[in-house]
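S.K.: Can you keep this structure in mind? I'll have questions shortly.
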Amino acid sequence: MNYLLTFFKTLLRDMNVPDGAANSIAIFSCLIVLFLVARAAHWLTRRILAKVVHQFVSKTKTQWDDFLVKRKVFSALAHLSSAFLLYYTHDFSDSEFISSFLLGLSRIYFIGIFTLFAVRFANAANDIYQTTPYATNRPIKGYIQLLQILIICISIIFVISILIGKSPLFLIGGLGAIAAVLLLVFKDTILSLVASIQLSANKMLKPGDWIAMPSHNADGTVIDISLNTVKVQNWDKTITTIPTYALVSESFNNWVGMEESGGRRIKRSVNLDMRSVRFCDQALLDKLNRFYLLKDYLQQREKEIKEHNKKLNIEEGDVYNGRRQTNLGIFRHYLENYLRQHPKIHQDMTFLVRHLQPSEKGLPLEFYVFSKDQEWAKYEEIQADIMDHVLAILPEFGLRIFQSPSGNDITDLLNQAITPIQKNA
């Protein structure tokens, strides 16, 4: 560069340019040439480096180098040629200002190269980690983003120290005075950092989990967990973004336990009209004996009742003192046997058919079981088929469903009351 500067000065003096102006023009011309050469060096280095790296990567069998190429990690190193060129030519001029400017620019350039390389390398490391089996349960994207933020913050401190000519330690010491401002500015980031650590350490959440959080209108699959947000794709294909700290400060349902258990809960009930509950007469017992799900139960039950009544010397026709079966009790056992033989109901998980507290809306009969199929559409189909069967078979037991009267029910009652009057008139 010194020879080039001398050449420009000589050329300008030969053109009768004053020494002061010639010196300034020569320095400015050298700077333009320097930046053009630096740009050309970066372009050439990137082309050569890209060719060499791609040839090397194509011959390897590992995948980690593919992620480094994808994230352009090696492309960041191509800037080193330009940075070194600026650094070693910063003192080509007698001007202290130009020398200080180029030296500071080269140092800032080195810091920028390091920052770019570190950020891209961190992204590549996260991609490599995603290929391991640990990534399913312990995502590290939040930690990677935190590391990138720290790298950028440290780089900014070094850049400012170069610009003001102070030691980085001087700036770091001064951070204590603005700690309150930093806490206010990065409040969400700090809260999210703590939340990310809790979510990961306690295995509360991972990508692929099905969660439900009504307070944020989220009900679907977790598709991304970052430092500040968690993205959930709902069943209607919309995407809900939830602050990471909200998942710790508020409650949410994680259905991963249901998915891992191999079953999905079916909890349904039907409200029975209590006026339809009665003792079974012989005609009803003979009718229900034709149900293959009840035949063995009814025969055994009738035998137990007869033996019990016989011990108490109760005559067989005594309807007031002897034990008798009810249509509701028989139906409850029928429903239990029906679910026991259902091929899509888990027999090894919680299995209940029970009565709930009676109310003004009748007597609830609830079945609490687990389906083998967890897929939403098939799960809904299974419990719908069960409900269809329950509602259709109830009249065979002399039972009625309780429901609030509709306008048609009232109209039918009025018609029934008016018809005899009209006939007599």
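S.K.: Please list 3J(HN,Hα) in residue order for the range 115-128, calculated via the Karplus relation 6.51 cos²θ - 1.76 cosθ + 1.60 where θ = phi - 60°; whole Hz, with x for glycine and proline.
M.R.: 4, 4, 5, 5, 5, 5, 5, 5, 5, 5, 4, 5, 4, 5
S.K.: Among all the lysines, which ones have a C-alpha under 17 Å from LYS306's C-alpha, if same-chain residues fewer than 8 places away are not counted?
M.R.: Partners found: LYS295.
S.K.: Determine, for each peptide in 349-358, 109-118, the mean count of other beta carbons within 10 angstrom over its residues, then list the peptides with the highest first.
M.R.: My ranking of the peptides, most packed first, is 109-118, 349-358.
S.K.: Need one number: convex hull volume per residue for the range 208-304, Cα atoms only, in Å³.
M.R.: So the per-residue Cα hull volume is 218 Å³.
S.K.: Between LEU77 and HIS389, with labels modelled 7 Å along Cα→Cβ, what's the label distance in nm to one decimal, could you check?
M.R.: It is 6.7 nm.
S.K.: Report the semi-axes of the equivalent ellipsoid for the range 204-259 in whole Å, largest first, where each axis is √(5λ) for an eigenvalue λ of the Cα gyration tensor.
M.R.: In descending order, the three semi-axes are 14, 13, 11 Å.
S.K.: How much FRET efficiency would the formula 1/(1 + (r/R0)^6) give for PHE351 and SER215, where r is the Cβ-Cβ distance and R0 is 30 Å, rounded to 0.05?
M.R.: 0.35
S.K.: Net charge around PHE402, counting only other residues with Cβ within less than 11 Å of its Cβ (Lys, Arg = +1; Asp, Glu = -1)?
M.R.: Neighbourhood net charge equals +1.
S.K.: For a quick check: sort SER167, SER371, SER192 by the number of other beta carbons within 10 angstrom, fewest at the front.
M.R.: Ordered from fewest to most neighbouring Cβ atoms within 10 Å, SER167, SER371, SER192 come out as SER167, SER371, SER192.
S.K.: In addition: Mind checking which lysines have their C-alpha under 26 Å from LYS203, skipping anything on the same chain fewer than 8 residues away?
M.R.: LYS141, LYS187, LYS231, LYS237, LYS372
S.K.: Let me ask another. For the pair LYS311 and ASP273, what calculated FRET efficiency results from E = 1/(1 + (r/R0)^6), where r is the Cβ-Cβ distance and R0 = 35 Å, to the nearest 0.05?
M.R.: 0.50
S.K.: Please list, or write none, the lysines whose alpha carbon is within less than 21 Å of the alpha carbon of LYS59, excluding same-chain residues fewer than 8 places away.
M.R.: The qualifying lysines are LYS51, LYS70, LYS72.
S.K.: So how strong a dipole does the range 280-325 carry about its Cα centre when Lys and Arg Cβ are +1 and Asp and Glu Cβ are -1, to the nearest 20 debye?
M.R.: 160
Values quoted throughout were computed directly from the atomic coordinates according to the rules given, and no laboratory measurement underlies them. These figures come from a predicted structure and were not determined experimentally. As a convention, Cβ positions derive from the backbone with ideal geometry for all residues, glycine included, and neighbour counts pool all protein chains shown.
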